[in-house]
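Accompanying notes for the structure given below.
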2 protein chains.
Amino acid sequence: MTKDESGGKRPTLKDVALAAGVSVATASYALNDVGSVGGDTRRHVLEVAARLGYRPNLSAKAMRTGKTSAIGLILPDLTNPFFPALAQNVVHAARESAYSVFVTDTQGSHEAERAAAQALIQRGVDGLIWFPINDEDTLADLTGGLPVLVLDRDNPRHDLIQIDVDSGGRMAAERLIRAGHRRIGVISGPTDVRSSRQRSESSVEVLRRHDALAWHLHNAYSFDLEPAVAAAVADGSATALCVGADLIALGAINTLRQRGLRVPEDVSIIGFDNIPYGALAFPGLSTINIPVEEMGIEAVNTLLRRIAKPAESRRRLVFDVTYVERGTVAPPPAP
Amino acid sequence: MTKDESGGKRPTLKDVALAAGVSVATASYALNDVGSVGGDTRRHVLEVAARLGYRPNLSAKAMRTGKTSAIGLILPDLTNPFFPALAQNVVHAARESAYSVFVTDTQGSHEAERAAAQALIQRGVDGLIWFPINDEDTLADLTGGLPVLVLDRDNPRHDLIQIDVDSGGRMAAERLIRAGHRRIGVISGPTDVRSSRQRSESSVEVLRRHDALAWHLHNAYSFDLEPAVAAAVADGSATALCVGADLIALGAINTLRQRGLRVPEDVSIIGFDNIPYGALAFPGLSTINIPVEEMGIEAVNTLLRRIAKPAESRRRLVFDVTYVERGTVAPPPAP
DNA sequence: CCATTTTGATTAAACGTTTCATTTTTTAGG
DNA sequence: CCTAAAAAATGAAACGTTTAATCAAAATGG
């Protein structure tokens, strides 16, 4: 009457076949719903398998078929609050299709990134969802023919999921202009990332056109501002900031507050990413929202599709961003 | 001269053996550094393997040995900022030992938790690091004899890594008393989690002893306060809050600000967890720090040790917490 | 009712390792 | 030198699947 009829060990396909009085082959066929097996036997095998609590050994299956139904997710930095939401949705979407996800965090090191990819490939993952730390195309030679979906970066050989950063950068700049600002500073992420450059470039372009660009600086994706950036932020040279990442924007707010400046009364700020912290800050950070949930889901969908049909032509998905107004934008202070 | 000598396919152990002029058995022994193989042959095999770029097929190895050198990490909610740091350290520590990590996020659903565990077990993970959503012991019957390390929860059968929550709860309460508060509210997490109950109970005990307990309420682990909690927080019945989780504490700060109350001038707050947001809030959230990095590392260490020696006696590690003073504690406002 | 096709079930090989049992070679001892 | 023991190398089985190649039985058609 217990679920476990044999002596403690996990039942194997052979056990099922034996118990059902049938060959291993038919058992396999029945369980996988392929080949020609009679309706009665099929039902019987299924029933027996269920009774024994049979679960196929995925290692064995993997060796035979070459498919592990596992994918790898390579992220630059899990502690950057942008990524957990992505990871969460990837994991869930994958589970819907009975895939499991190896997650790695490369700490922004190319070294670690290479190692992670190697390890996952050796593990035999069926595909990779990869958010590279920058555009450097170290991937292609590693991955061989393995299906890879690249997130947010540019890459000539793989499926891509990107966001319409140009439009985001423009929205932010225009909103600040519309609020009346004429001395606007731009902080963007590292220069070796194209999507990061683009975010700021489109902002800069708009600001130039309105002759409203105070300065343009770069900062790592982090709360901590580099000294030069912190100085520029707080020296009054700009009445508004157009920042390429919420993380940096929150850092900027912090710096401003520490120097006794108020947001948004003295300085307005718009971020980018819409990380959860932003909503919680006081006042809430106005920012550009990236539909990270959908991106995660769509990432696994396109990856799985590619795994199924390796020959299909390359896909590139671009997601729209939206401006979300909260509390960090106001007119410039009266001079 | 290229790395790939054969026709595109990944080289197998047989290929290595062939190229080295030796049997597969010796090749295997040489590469795994076991059995008795001559120094010269060993070196030669290694050299050939390197030249061919041989990587063992882990699925095959897994099937033969029953070990996958993969572990599973089961977390309640990746978007709770407490967990990414943990996950990061688990992943890294695992990689040090050539283990990969399947990450799952159970969204606080027992259903999903069960499913995740099942899936991972079927995958043949060598062990599980499990942060259960509450104390309910649904695990044991699922996991069978599989090595499991339980985080922060109580569990009679598995290795445990916990934190000294009592002392944390006490520290927080005492700090507020010392600041002069006599009407202190306590907000703790869900009641079905022992560690959560404990956090608050030890606070409550201290406060009772000083006759300084205003009220004691519960809230989900989330930024959003339930109406009753929000009301209590803002109705002036307490001049200080002792909160069982930073997430909730930040939510409380938010609520207070929206009602026009200042932190810490009107209300002091101490959180618990030391999530990254806390440092960034303004003023910085005073809180109880949990050494989450060490916990992550120690979790994989103890798990791997258990995997190696299943019979060793059960281990229970308790980590100390520390109070970190930032800006949310001040004397109560003059009446 | 026999020849043919269709359906249902089976046998056995294969996937890439590890490892036991065995054989071959070398070394040591007398 | 011969024998015994130790060291090095090998053949083959096994792990749990899938699947191609067969085979047997049942259904079909003339």
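Which one of B:Glu293, B:Glu325 is surrounded by fewer than 24 Cβ atoms within 10 Å (Cβ to Cβ) and either under 30 Å from B:Ile129 (Cα atoms) or among the β-branched types (Val, Ile, Thr) (or both)?
Matching residue, one of B:Glu293, B:Glu325: B:Glu293.
I'd like to know if the stretch A:29-36 contains one or more residues that are over 25 Å from B:Gly66 (Cβ atoms) and of a type in the set (Phe, Trp, Tyr).
yes
In the list B:Ala20, B:Ala85, which residue meets the criterion of being within 30 Å of A:Leu86 (Cα to Cα) and not hydroxyl-bearing (Ser, Thr, Tyr)?
Values: B:Ala20 fails: within 30 Å of A:Leu86 (Cα to Cα).
Going through B:Ala20, B:Ala85 in turn, the sole match is B:Ala85.
Please list, ordered by first then second residue, the pairs with beta carbon atoms under 9 Å, 6 or more apart or interchain, first in the stretch A:21-45 and within 14 Å of chain B (Cβ to nearest Cβ), second away from DNA strand D (no atom under 11 Å from the Cβ).
Matching pairs, first to second residue: A:Leu31/A:Arg42; A:Leu31/A:Val45; A:Leu31/A:Leu46.
Go through (1) buried (at least 18 other Cβ atoms within 10 Å of the Cβ); (2) at pLDDT 95 or above one by one and return the number of the condition B:Leu250 breaks.
Going through (1) buried (at least 18 other Cβ atoms within 10 Å of the Cβ); (2) at pLDDT 95 or above one by one, B:Leu250 breaks only (2).
So, of the residues in the stretch A:164-183 that are hydrophobic (A, V, I, L, M, F, W, C) and within 30 Å of the chain's Cα centre (by Cα), which turns out to be surrounded by the fewest Cβ atoms within 10 Å (Cβ to Cβ)?
If we take residues in the stretch A:164-183 being hydrophobic (A, V, I, L, M, F, W, C) and within 30 Å of the chain's Cα centre (by Cα), then A:Met171 is surrounded by the fewest Cβ atoms within 10 Å (Cβ to Cβ).
So which residues in the stretch A:232-265 are out of contact with any Ser or Thr (no Cβ under 9 Å at 6 or more places or on another chain), more than 14 Å from chain B (Cβ to nearest Cβ) and at negative phi, if there are any at all?
First, the residues of the stretch A:232-265 that are out of contact with any Ser or Thr (no Cβ under 9 Å at 6 or more places or on another chain): A:232, A:235-238, A:250, A:252, A:254-260, A:262, A:265.
Among the residues that remain, those that are also more than 14 Å from chain B (Cβ to nearest Cβ) are: A:232, A:235-238, A:265.
Result: A:Ala232, A:Asp235, A:Ser237, A:Ala238, A:Glu265.
Can you name every residue in the stretch A:28-53 that is near DNA strand D (Cβ under 7 Å from one of its atoms) and either small (Gly, Ala, Ser) or farther than 26 Å from B:Leu120 by Cβ (or both)?
Once the filter is applied, which keeps residues that are near DNA strand D (Cβ under 7 Å from one of its atoms) and either small (Gly, Ala, Ser) or farther than 26 Å from B:Leu120 by Cβ (or both), the stretch A:28-53 yields A:Ser28, A:Tyr29, A:Val34, A:Gly35.
Give me the pairs, please: first residue somewhere in the stretch B:54-77 and more than 13 Å from DNA strand D (Cβ to nearest atom), second residue anywhere and part of a loop (DSSP other than H, G, I, E, B) and among the polar types (S, T, N, Q), beta-carbon distance under 6 Å, and either six or more positions apart or on two chains.
B:Pro76/B:Thr106
Out of everything in the stretch A:13-29 that is under 45 Å from the mean Cα position of the chain (by Cα) and among the hydroxyl-bearing types (Ser, Thr, Tyr), what residue ends up being nearest to DNA strand C (Cβ to nearest atom)?
Step by step, filter the stretch A:13-29, then rank; the result is A:Thr26.
I'd like to verify a number: residues in the stretch A:279-335 that are aliphatic (A, V, I, L, M), under 19 Å from A:Arg157 (Cβ atoms) and under 14 Å from the mean Cα position of the chain (by Cα), how many?
Total satisfying the criteria: 4.
Answer yes if at least one residue in the stretch A:143-165 is in contact with a Pro (Cβ under 6 Å, 6 or more places away or on another chain), closer than 22 Å to A:Val318 by Cβ, modelled with pLDDT of 95 or more and away from every other protein chain (no Cβ under 12 Å), and no otherwise.
Pass one, the stretch A:143-165, residues in contact with a Pro (Cβ under 6 Å, 6 or more places away or on another chain): A:153.
This time we only want the ones that are closer than 22 Å to A:Val318 by Cβ, so: A:153.
When the remaining residues are screened for being modelled with pLDDT of 95 or more, the result is none.
Looking through the stretch A:143-165, none of the residues is in contact with a Pro (Cβ under 6 Å, 6 or more places away or on another chain), closer than 22 Å to A:Val318 by Cβ, modelled with pLDDT of 95 or more and away from every other protein chain (no Cβ under 12 Å).
Considering every residue within the stretch B:65-78, establish whether at least one is exposed (fewer than 13 other Cβ atoms within 10 Å of the Cβ) and either away from DNA strand C (no atom under 12 Å from the Cβ) or at the interface with chain A (Cβ under 8 Å from one of its Cβ atoms) (or both).
No - not one qualifying residue is present in the stretch B:65-78.
Any chance the stretch B:32-40 includes a residue that's of a type outside the set (Val, Ile, Thr), in contact with a Phe, Trp or Tyr (Cβ under 8 Å, 6 or more places away or on another chain), over 28 Å from B:Ala115 (Cα atoms) and surrounded by fewer than 22 Cβ atoms within 10 Å (Cβ to Cβ)?
Scanning the stretch B:32-40 turns up at least one residue that is of a type outside the set (Val, Ile, Thr), in contact with a Phe, Trp or Tyr (Cβ under 8 Å, 6 or more places away or on another chain), over 28 Å from B:Ala115 (Cα atoms) and surrounded by fewer than 22 Cβ atoms within 10 Å (Cβ to Cβ).
Determine, yes or no, whether B:Ala279 is under 30 Å from B:Ala94 (Cβ atoms) and either surrounded by fewer than 21 Cβ atoms within 10 Å (Cβ to Cβ) or touching a His at 6+ places or on another chain (Cβ under 7 Å) (or both).
Answer is yes for this residue.
The values are calculated or read from the model by the stated rules, or taken from the named source; none is laboratory data. These numbers come from a predicted model, not from an experiment. Methodologically, a virtual Cβ is constructed for each residue, glycine included, from the backbone with ideal geometry; neighbour enumeration extends over all protein chains shown.
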